[in-house]
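These notes are about the structure you will find just below.
The values are calculated or read from the model by the stated rules, or taken from the named source; none is laboratory data. Keep in mind it's a predicted model, so treat the numbers as computed, not measured. Please note: Cβ atoms are built from the backbone with ideal geometry, for glycine as well, and neighbour counts cover all protein chains shown. Just so you know, the surface numbers come from the protein's heavy atoms only, side chains and all, with ligands and any DNA or RNA stripped out. Shrake-Rupley method; radii C 1.70, N 1.55, O 1.52, S 1.80 Å.
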Amino acid sequence: MPGSLPAVCEAAWPKDVGIMAVEVYVPSQYVEQAELEEFDGVGAGKYTVGLGQARMGFCSDREDISSLCLTVVQRLMEHSGLSYQSVGRLEVGTETIIDKSKSTKTVLMQLFEESGNTDVDGVDTTNACYGGTAALFNAVNWVESSSWDGRYALVVAGDIAVYATGGARPTGGAGAVAMLVGPNAPLAFERGLRGTHMRHAYDFYKPDMVSEYPVVDGKLSIQCYLSALDRCYSIYRNKIHAQWQREGLDKRCSLADFGFMVFHSPYCKLVQKSLARLMLNDFLCHPSPDTESGPFSGLEAFRDVKIEDTYFDRDVEKAFMKASSEAFENKTKASLLISNQNGNMYTPSVYGCLASVLAQHTPQQLAGQRIGVFSYGSGFAATLYSIKVTQDATPGSSLDKLVSSLCDLQARLDSRKKVSPDVFAQNMKLREETHHLANYIPQGSVEELFPGTWYLTRVDEKHRRQYARRSVSDDRPLEAGLLTSSNAAEHIPSPLKKMPRIPTATAGPEVLVISNGDH
């Protein structure tokens, strides 16, 4: 039975394993969705109101999945002051495949060369937008396993989401999120509280290996997403009820038990509908809901609906979006900052939503909260799980440092360059024509990239890719070829260089590198 392991086993696990640090990377260019509506000749509001999208980030041919992940990993390591020796597992979740055999993780290992650390577990995990979550679970499970050697796990989720010309194109985007995983984390995974649902469906898939574009059945994809949400929520509630019963608590799980709720976001309007969907589930599962007052007021007409018949029921959707509007404002709206401003990042999407929540709240507002996370990947695979935020919100705590590291997220989004829809379309055409070309030198401008961004310099005649990093301090690109030691000046030496293992509570000054708050 779920959660039935003996207490002696639980006592042996590391405490509060979860996310210790987060880094987000989005491309330096974007297109306005309102301008794209006019350019595409669709009705005003189709993308901005109908989808809930304001801007869409995109990459030129100078960036690929490896460069995105190189950038976000190096930024996390520099900003956290960690040595590459302190990482014992590196997991990558992505569906942006540029090699059918060689994983993106192996490309990232070049960042570890200077440290001499090659003892790093993990490779890539792929299943549409779910790959990042699977990679994160692998990292958490490693820290809680007999394989753990005391070092951190590093998880990277990254993708370039592009579509052929047509109705799906405005749901694109690009970016990467890196997360450091270890014990005594400010964002701890609630052990045993994970509801997973997996089935077979052709709602979104990429069978053409020479194209970046997917095949999409839009209506089926929405139905799969919502049905997975229903099932995962049901399983999660059963598991938390079992935990509460063992603790002697007699209560029902509902939206009220989550301080924040974040979702995988193909587009923002689907997320708003998804929160309403959870309220529908609460309503239908309640033995005697109050339809005279409170959140279920006026919903008595929907008491006997069958949930599997409601995926495209406009009356149900409208009623429960209205009923859940306050909950959406308080629990979910803040999570859509990156999604609204940058678009769908595929595997990093739900973690961009998590970062958006952290960026827009104080440590005091976050402390002690339960954050629900729903991750969905077409094909399909889905999980709803929860994170518990540490109670320690004091200055200098691990939570305080995590929040501070993301406080400039809006400024980062605002610092990007807006381009016209025509320039955006030209970039998409260039990527389409040059995707997987050998003996190719990218044409995109390096000067348009953010300082410190890794970028593609060439693809040789054997399809081997070479990268360089734009200088952090000025406009000089740092030519690095295959990331040899010529870029050593860019690496910030870590204070943990001689002590790569996670410091214990008595490890002296090393504890200050990442403060581990109590829960």
In the chain, carbon and sulfur make up what percent of the accessible area (probe 1.4 Å)? 51 percent
Got a sec? What order do E292, E63 fall in by accessible area at 1.4 Å, biggest, i.e. largest, first? E292, E63
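For C268, C407, give me the order by solvent-accessible area with a 1.4 Å probe, most accessible first, ignoring ligands, DNA and RNA.
Of C268, C407, the descending order of accessible area is C407, C268.
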Starting from the Cα of R199, step 7 Å toward the Cβ, then list every residue of the range 362-389 with an amide N under 17 Å from that point. 375-384
List the aspartates and glutamates whose Cα sits under 17 Å from the Cα of K251, skipping any in the same chain fewer than 8 residues away. D282, D290
D414 versus A12: modelled label distance in nm, points set 7 Å from Cα along the beta carbon direction: 5.3 nm
Rounded to whole Hz and in sequence order, give me ³J(HN,Hα) for the range 159-174 from the Karplus expression 6.51 cos²θ - 1.76 cosθ + 1.60, θ = phi - 60°, writing x for Gly and Pro. 7, 10, 9, 10, 10, 5, 3, x, x, 7, 4, x, 9, x, x, 6
For the range 128-198 and the range 283-324, distance of Cα centres in Å: 33 Å
Rounded to 0.05, the calculated FRET efficiency for the beta carbons of H286 and V446 at R₀ = 56 Å is 0.45
Under 14 Å between alpha carbons, and skipping anything fewer than 8 positions from K388 in its own chain: which aspartates and glutamates qualify? D16, E190, D257, D518
Where does each of 223-229, 440-446 land if you order them by average Cβ count within 10 Å, highest first? 223-229, 440-446
Of (1) 64, 24, 21; (2) 35, 31, 19; (3) 39, 26, 22, which is the value of semi-axes √(5λ) of the Cα gyration tensor in Å derived from the coordinates here? (2)
Label-point separation (nm) for K269 and R252, each offset 7 Å from Cα along Cα-to-Cβ? 3.2 nm
Treating only the Cβ of Lys, Arg, Asp and Glu as charged (+1, +1, -1, -1), what charge dipole size does the chain show about its Cα centre? Round to the nearest 20 debye. 520 debye
Towards the positive end of the charge dipole of the chain, with charges on Cβ (+1 Lys, Arg; -1 Asp, Glu), say which of A12, W244, G158 has the farthest Cα. A12
The farthest towards the positive end of the charge dipole of the chain, of the residues L413, G352, N184, given +1 on Cβ of Lys and Arg and -1 on Cβ of Asp and Glu, is N184
Based on the Cβ-Cβ distance of V305 and Q365, what FRET efficiency does E = 1/(1 + (r/R0)^6) give at R0 = 41 Å, to the nearest 0.05? 0.70
For T126, solvent-accessible area (1.4 Å; no DNA, RNA or ligand), Å²: 80 Å²
Mind checking which lysines have their C-alpha under 21 Å from K46, skipping anything on the same chain fewer than 8 residues away? K219, K269, K273, K318, K322, K333, K418
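Per 0.36 nm of contour for each residue apart, how much would the distance between H463 and Q223 grow if the chain were fully extended, relative to their Cα-Cα spacing?
Extra length available between H463 and Q223 comes to 82.5 nm.
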Among 76-89, 174-187, 340-353, how do they line up from the highest to the lowest mean number of other beta-carbon atoms within 10 Å? 340-353, 174-187, 76-89
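So what is the calculated 222 nm ellipticity per residue for the chain, using -39500 (n - 2.57) for each DSSP H run with n of 4 or more, over all residues, to the nearest 500 deg cm²/dmol?
Value at 222 nm, helices only: -9500 deg cm²/dmol.
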Leaving ligands, DNA and RNA out of it, work out the accessible area of K429 with a 1.4 Å probe and give it in Å² to the nearest 10. 100 Å²
In nm, what is the difference between 0.36 nm times the number of residues separating E144 and S471 and their Cα-Cα distance? 113.9 nm
Where only protein heavy atoms count, and the probe is 1.4 Å, what is the accessible area per residue for the chain in Å²? 41 Å²
With +1 on the Cβ of every Lys and Arg and -1 on the Cβ of every Asp and Glu, and nothing else charged, how large is the dipole of the range 102-196 about its Cα centre, in debye rounded to the nearest 20? 380 debye
